[in-house]
Amino acid sequence: MLKRLVLVAAALCGTPAFADPNPKFEYGKAEEVAKVKGTEWTASAEGGVVFTTGNSETTTGTAGFKATRKKAKNKLALEGGITYARAGVRVLSDHNGNGLIDDQSEIVAEKQVTAETLAAKLRYDRFLTDFNSLFVAALISRDVPAGKERVFGAQVGYSRRIHKTATSEAVAEIGVDYDNEDLTVGDTLSFISARAFVGFKSEVSPGVTFETSGELLTNLSKETLATGADGGIGQDTRFNFKASVSSKIGKSLSFQSSIEAKYDRRPAPLALKNLAMGFVPEASSLDTIMKASLIYTFF
């Protein structure tokens with residue numbers, strides 16, 4: 001029986017299900033629209049959720065979607081995602097006012113939202129050649145724990161494919177980014193930033209894809225920050241990083257693990273209670289999100 005199990009395992013490892021004998025993928029290049037005769041659509045969704053009760057009360061959920069429309073030398077892409085987490089934190093409440101906690105009822109669970117990030121992006125690409133394209137994008141996001149009630153943005157720029165092999169490729173982009181941030185504390189900020197982006201994608205083995213990207217932004221206009229930090233030109237530098245590994249486990253189903261990191265040299269102010277007059281604390285400069293998701297491709 002042991003020998004049979006070993007032979008079956010070896011066979012499965014050597015011949016992955018649904019594997020293409022000559023795997024290829026596409027990464028926002030002109031070929032993906034050049035061969036489209038009519039209009040082509042693709043769409044996928046991902047999600048995950050965790051609930052705990054009893055001594056630990058938490059609710060955590062993630063969800064995301066992607067959709068593209070290709071026609072002639074044009075490509076329209078829409079993507080979005082949400083991460084939400086709420087925890088029940090035990091706190092002490094002296095109900096009878098005797099200065100002591102002397103009853104179980106005076107230990108209560110206070111629910112707090114610890115993560116609430118939403119983001120959506122609509123992007124249009126116009127391919128000029130096999131290696132060059134122009135793009136314009138509209139963005140909207142929300143991150144209350146990081147001090148941002150709402151953020152509207154827009155991007156415009158130039159994209160070029162800088163590397164291409166049968167199983168890997170890389171692109172680079174330069175352009176301008178505009179942000180309008182409605183903060184939880186202080187006035188609304190509007191500023192323009194220079195933007196640089198590099199992305200890399202590789203099919204490391206049949207059905208397994210590695211993807212990573214980095215985005216650098218720095219402000220080209222002055223900002224007035226409620227925290228009192230320097231908001232001069234070039235002082236608000238931001239860097240966004242993402243890396244993911246996806247593995248097909250069916251014809252339309254994949255498993256993906258990813259990590260995202262967002263650095264903001266001049267983070268937004270935090271909305272906290274019981275602060276001294278004139279003191280406005282700033283949020284952490286670094287946020288990270290690690291996810292494990294199932295992705296289903298509709299068409």
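The values are calculated or read from the model by the stated rules, or taken from the named source; none is laboratory data. It should be emphasised that the depicted structure is a prediction, and the values quoted were computed from it without experimental measurement. So basically every Cβ, Gly included, is an ideal-geometry build from the backbone, and we count neighbours across all protein chains shown.
Here are some notes:
- Residues satisfying the stated conditions in the range 223-237, i.e. at pLDDT 80 or above and either surrounded by 14 or more Cβ atoms within 10 Å (Cβ to Cβ) or farther than 18 Å from Pro269 by Cβ (or both): Glu223, Ile233, Gly234, Gln235, Asp236, Thr237
- Residue in the range 245-253 that is free of Cβ contacts under 8 Å to residues at least 40 places away in the same chain and assigned to a loop (DSSP other than H, G, I, E, B) present: yes
- The requirement of being within 30 Å of Leu134 (Cβ to Cβ), at pLDDT 75 or above and among the small types (Gly, Ala, Ser) is fulfilled nowhere in the range 86-93; no residue meets it.
- Members of the range 104-119 found to be surrounded by 16 or more Cβ atoms within 10 Å (Cβ to Cβ) and touching a Leu at 6+ places or on another chain (Cβ under 9 Å), listed by number: Ala119
- Within the range 38-58, residues that are at negative phi and assigned to a loop (DSSP other than H, G, I, E, B) have Cβ atoms under 7 Å from residues that are loosely packed, with under 12 Cβ neighbours inside 10 Å and of a type in the set (Asp, Glu) in no pair, counting only partners at least 6 apart in sequence or on another chain.
- Considering the range 98-127, and only residues there that are over 29 Å from Thr53 (Cα atoms) and either in a loop (DSSP other than H, G, I, E, B) or of a type in the set (A, V, I, L, M, F, W, C) (or both), the residue that is farthest from the chain's Cα centre (by Cα) turns out to be Asn98.
- Residue count, the range 173-210 (criterion: surrounded by fewer than 17 Cβ atoms within 10 Å (Cβ to Cβ), under 24 Å from Ala120 (Cβ atoms) and charged (D, E, K, R)): 1
- Unique residue being touching a residue at least 24 places away in the same chain (Cβ under 8 Å) and not polar (S, T, N, Q) when the list is Leu134, Leu100, Leu92: Leu134
- Summed over the range 179-222, residues that are in a strand (DSSP E or B), under 30 Å from Leu275 (Cα atoms) and hydroxyl-bearing (Ser, Thr, Tyr) total 1.
- Unique residue being among the β-branched types (Val, Ile, Thr) and under 30 Å from Ala154 (Cα atoms) when the list is Thr42, Thr59: Thr42
- Residue in the range 270-280 that is in contact with a strand residue (DSSP E or B) (Cβ under 9 Å, 6 or more places away or on another chain) and in a strand (DSSP E or B) present: no
- Counted residues, the range 102-119 - those being among the aliphatic types (A, V, I, L, M) and modelled with pLDDT under 80: 3
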